[in-house]
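One structure is given below, encoded as structure tokens.
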Amino acid sequence: MDGAAGRSAAALLLVGEPGLGKTTLWQAGVDLARHERLRVLAARPAEPESRLGFSGLADLLGNLPRTMLASLPPPQRRALEIALVLADATSADTPEERAVGPAVLGVLRAAAARRPILVAIDDLQWLDVASADALAYALRRAGELPVRVLLARRPGAASRLEASAGGVSLDRLDLAPLSPGAIRRVVRERLGLELSHRSLRALHDRSGGSPLAALELARLGGQDIGLDDEPRAARGADLDDVVGLRVERLPKNVRTLLAAVAMAAAPRVAEMELLDRHAYARALQLGALVSDADRVRLGHPLLGAAAVRRASPVERRVLHGRLAAVVEDAGQRLRHRALAAEGPDPGLAAALAAAALAATRRGAHEEAADLADAALRLTPADAAERPRRLLDLVERLLVVGEHDAARRWLDEAVTTFAPGPQRATARVLQGEATYHHAERPDVDLALDLAMQDGADDPRTRAWILARRASYVVLGKVDDLPAAERALREAIHLSRDRFPDVEREALRVLAWAQHLRGESLEPVRARFEAIHGDTDVFRGIDRIQAERWAAEGRLADAHAELER
């Protein structure tokens, strides 16, 4: 941390295989920062939270005084309150999702004005996308704020936060296996065992230099490390087996509780005590669980993974049902109920569909996709709601880039839906998915078939015309007059009836007129007169800025883009 002094948003990244001590080093850095009186914003995401939108951000900012949120501009404060579930979202709040990143930056400025900050995230590979994007936005713009960053993750591709936080000074430390001498010290300090030279050599060979594997082997064997065994050819390759052996030797109720903690998102002490007070106390005593303020976490994530693997599908389903009865968070109760369900449940499916809509309004798109998937799974095959829920799921899958899954659902839709607007919508969405993965003629075919299904429905016809024109104007750029005729028909069909469709048609028409060098003002005036989504990507302001830039009005273009 001293080496980071004087640099903007300096960051240290610890990378290592499970069991090499990333969390121990990370915690040492956190403790040092607190000793030096830095304000620590910490998060320790777990795998069950990786698709819960803004869960990591809630951990990072959860302990800050609410007065720091109160100092934000109203749109940013509202967006952050919705993201952190401190306020309910409505349909009118959806566009404010883009204000979360600036809000996080505002909070960092307010906090750093009082004392330096350390942003510390362990198990970075499980940080949810929404939190990573908002935090990356803030760190890129932290300027000379006294903000330092400490991250830890497993090897592999760069995390979302690393990839998005371009310009942040990042130092990387790859952890290597420990030496025999270091293994001796770890075993002595943690277990009080003194090993002979031969036992130490055997332990080092068996553990591959992993401190976690060495401790588990020493716990299992004491002084008898297995000197007669051949050293493992692949160093450290048996870590899962070693941890699994420890889990198998635990009492059944403790093993079940470890699985529950691994399957829950940010479980609390009171919840786990309600689940099984005796097992919780025993797990703490054995070091399999750790209490951190009012939260419970595993002594190591591999313990939970091993416990879950050793539970049968029926046992996991029953455990989700038990968790649903004890967790405080309503959203978590709903998810556990869904995972405990054995078959279709219309009431639960409706609740999940409503939760998916709420997650979408918060900007938690991966969470929304998971909830929509659960809603569809629990919707009876003959229910009237099933087609709409399938299309809702597809739209959310396309938003998060899961095009292959979207196409599989759409293949079902176009073969099972009756002709009409819903099958037309499925075909249009099929074109959306095809656009990213195949040749453009497949898009044209999908739209032709969609028009056959939905030509008699004004809204569907207008939407198809707007989408077809969008592919021409923003993709092919080969027949702008024909595209404009289609857009004007779409605007005529949707005017004062379907504002979302009219705004989309007006947006594409503005692009066409920009490409033809025509004035944007009439289209822009009508667009702004229609109440609806003001998402920057689907607005006209950006097109106007490009027009000004092309005309040499660089100051106007810069001001518009900055706004």
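Looking at the range 184-198, is at least one residue open to solvent by less than 10 Å² (accessible area, probe 1.4 Å) and touching a Gly at 6+ places or on another chain (Cβ under 8 Å)?
No, there is no match, as no residue in the range 184-198 is open to solvent by less than 10 Å² (accessible area, probe 1.4 Å) and touching a Gly at 6+ places or on another chain (Cβ under 8 Å).
Can you tell me which residue in the range 261-295 is nearest to Glu216 (Cα to Cα), limited to those that are of a type in the set (Val, Ile, Thr) and modelled with pLDDT of 95 or more? Don't jump to the end; show me each part of the working.
At the first step, the residues of the range 261-295 found to be of a type in the set (Val, Ile, Thr) are 261, 269, 290.
Subsequent filtering for residues that are modelled with pLDDT of 95 or more retains 261, 269.
On the way: Val261: 20, Val269: 26 Å.
If we take residues in the range 261-295 being of a type in the set (Val, Ile, Thr) and modelled with pLDDT of 95 or more, then Val261 is nearest to Glu216 (Cα to Cα).
Would you point out which residue out of Leu250, Leu258 is open to solvent by less than 40 Å² (accessible area, probe 1.4 Å), modelled with pLDDT of 90 or more and under 14 Å from Ala46 (Cα atoms)? So that I can check it myself, show each step before the final result.
Working: Leu250 fails: under 14 Å from Ala46 (Cα atoms).
Being open to solvent by less than 40 Å² (accessible area, probe 1.4 Å), modelled with pLDDT of 90 or more and under 14 Å from Ala46 (Cα atoms) holds for just one of Leu250, Leu258, which is Leu258.
Taking Asp500 as the residue in question, decide whether it is part of a helix (DSSP H, G or I) and closer than 21 Å to Thr360 by Cβ.
Numbers: part of a helix (DSSP H, G or I): yes; closer than 21 Å to Thr360 by Cβ: yes.
In short, yes.
Restricting to the range 52-80, name every residue that is surrounded by fewer than 22 Cβ atoms within 10 Å (Cβ to Cβ) and outside any helix (DSSP H, G or I).
Passing the criteria: Gly62, Asn63, Leu64, Pro65, Ser71, Pro73.
List every residue pair whose Cβ atoms lie under 9 Å apart, where the two residues are 6 or more positions apart in sequence or sit on different chains, the first residue falls within the range 539-554 and is touching a residue at least 12 places away in the same chain (Cβ under 8 Å), and the second residue, located anywhere, is open to solvent by less than 50 Å² (accessible area, probe 1.4 Å) and in a loop (DSSP other than H, G, I, E, B).
Ile540/Leu520; Ile543/Leu520; Gln544/Leu520; Arg547/Leu520
If I filter the range 329-351 down to residues being aliphatic (A, V, I, L, M) and in contact with a Ser or Thr (Cβ under 9 Å, 6 or more places away or on another chain), which single residue comes out as least open to solvent (accessible area, probe 1.4 Å)?
Ala349
Every residue, every condition in (1) in contact with a Pro (Cβ under 8 Å, 6 or more places away or on another chain); (2) within 30 Å of Ala79 (Cα to Cα); (3) modelled with pLDDT of 85 or more, yes or no:
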site	(1), (2), (3)
Ala482	no, no, yes
Ala512	no, no, yes
Leu520	no, no, no
Asp533	yes, yes, no
Ala557	no, yes, yes
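Conditions first: (1) within 21 Å of Leu257 (Cα to Cα); (2) within 22 Å of the chain's Cα centre (by Cα); (3) among the hydrophobic types (A, V, I, L, M, F, W, C); (4) open to solvent by 70 Å² or more (accessible area, probe 1.4 Å). Leu357 passes all but one, so which condition is the exception?
Looking at each condition in turn, Leu357 falls short on (1).
With respect to Gly209, is the statement that it is touching a Lys or Arg at 6+ places or on another chain (Cβ under 9 Å), part of a loop (DSSP other than H, G, I, E, B), open to solvent by less than 10 Å² (accessible area, probe 1.4 Å) and at pLDDT 85 or above true?
On the way: touching a Lys or Arg at 6+ places or on another chain (Cβ under 9 Å): yes; part of a loop (DSSP other than H, G, I, E, B): yes; open to solvent by less than 10 Å² (accessible area, probe 1.4 Å): yes; at pLDDT 85 or above: yes.
So Gly209 passes the test.
Being touching a helix residue (DSSP H, G or I) at 6+ places or on another chain (Cβ under 6 Å), part of a helix (DSSP H, G or I), more than 26 Å from Thr415 (Cβ to Cβ) and open to solvent by 20 Å² or more (accessible area, probe 1.4 Å) is the requirement here; does His492 meet it?
Values: touching a helix residue (DSSP H, G or I) at 6+ places or on another chain (Cβ under 6 Å): no; part of a helix (DSSP H, G or I): yes; more than 26 Å from Thr415 (Cβ to Cβ): yes; open to solvent by 20 Å² or more (accessible area, probe 1.4 Å): yes.
The answer is no for His492.
Being surrounded by 20 or more Cβ atoms within 10 Å (Cβ to Cβ) and more than 30 Å from Leu72 (Cα to Cα) narrows it down to one residue among Leu124, Leu215, Leu161, Leu135; which is it?
Going through Leu124, Leu215, Leu161, Leu135 in turn, just one is surrounded by 20 or more Cβ atoms within 10 Å (Cβ to Cβ) and more than 30 Å from Leu72 (Cα to Cα): Leu215.
Taking the range 201-215 as the region of interest, how many residues are aliphatic (A, V, I, L, M) and either out of contact with any helix residue (DSSP H, G or I) (no Cβ under 8 Å at 6 or more places or on another chain) or free of Cβ contacts under 8 Å to residues at least 24 places away in the same chain (or both)?
2
Find the helices (runs of 4 or more DSSP H) located wholly in the range 363-444 whose residues include 2 or more that are surrounded by fewer than 19 Cβ atoms within 10 Å (Cβ to Cβ) and among the acidic types (Asp, Glu), and list them. Explain how you work it out, then say what you get.
Numbers: elements: 365-377, 386-399, 403-416, 421-437.
In the range 363-444, the matching helices (runs of 4 or more DSSP H) lie at 403-416.
Only one of these is part of a helix (DSSP H, G or I) and touching a residue at least 40 places away in the same chain (Cβ under 8 Å): Leu145, Leu108, Leu139, Leu173. Name it.
Criteria check complete, one pass: Leu139.
With (1) at pLDDT below 85; (2) more than 17 Å from the chain's Cα centre (by Cα) as the list, and Arg141 as the residue in question, which single condition is left unmet?
(1) is the only condition that Arg141 fails.
I'd like the full set of residues that are open to solvent by 40 Å² or more (accessible area, probe 1.4 Å) and at positive phi, limited to the range 277-297. Even if it seems obvious, please write down each step before you answer.
Going residue by residue through the range 277-297, those that are open to solvent by 40 Å² or more (accessible area, probe 1.4 Å) are 277-278, 281-282, 284-286, 290-295, 297.
The answer is Ala293, and nothing else.
Please tell me if Pro155 is within 24 Å of Leu72 (Cα to Cα), over 14 Å from the mean Cα position of the chain (by Cα) and either open to solvent by 10 Å² or more (accessible area, probe 1.4 Å) or acidic (Asp, Glu) (or both).
No.
With respect to Ala266, determine if the residue is open to solvent by 50 Å² or more (accessible area, probe 1.4 Å), among the aliphatic types (A, V, I, L, M) and farther than 17 Å from Arg310 by Cβ. If you could, list the steps in order and put the result at the bottom.
Numbers: open to solvent by 50 Å² or more (accessible area, probe 1.4 Å): no; among the aliphatic types (A, V, I, L, M): yes; farther than 17 Å from Arg310 by Cβ: yes.
Criteria not met by Ala266.
May I ask you to list the residues in the range 293-312 that are without any contact (Cβ under 8 Å) to a residue 12 or more places away in the chain and either farther than 12 Å from Ala259 by Cα or in contact with a Cys (Cβ under 9 Å, 6 or more places away or on another chain) (or both)?
Ala293
Return the pair list, or none, for Cβ contacts closer than 6 Å from residues in the range 36-51 that are open to solvent by less than 30 Å² (accessible area, probe 1.4 Å) to residues that are assigned to a loop (DSSP other than H, G, I, E, B) and small (Gly, Ala, Ser), at least 6 apart or on different chains.
Glu49/Ala265
For the range 537-562, give me each residue that is among the basic types (Lys, Arg), part of a helix (DSSP H, G or I) and open to solvent by 50 Å² or more (accessible area, probe 1.4 Å).
Selection gives Arg542 alone.
When you look at Leu25, is it of a type in the set (A, V, I, L, M), within 14 Å of Leu150 (Cβ to Cβ) and surrounded by fewer than 19 Cβ atoms within 10 Å (Cβ to Cβ), yes or no? Break it down stepwise before answering.
Working: of a type in the set (A, V, I, L, M): yes; within 14 Å of Leu150 (Cβ to Cβ): yes; surrounded by fewer than 19 Cβ atoms within 10 Å (Cβ to Cβ): yes.
Judged against the criteria, Leu25 is a match.
The values are calculated or read from the model by the stated rules, or taken from the named source; none is laboratory data. Everything quoted here is computed from the prediction, not taken from an experiment. So basically every Cβ, Gly included, is an ideal-geometry build from the backbone, and we count neighbours across all protein chains shown. For the accessible areas, the whole protein counts, side chains as well, though only heavy atoms, and no ligand, DNA or RNA atoms are used. Shrake-Rupley method; radii C 1.70, N 1.55, O 1.52, S 1.80 Å.
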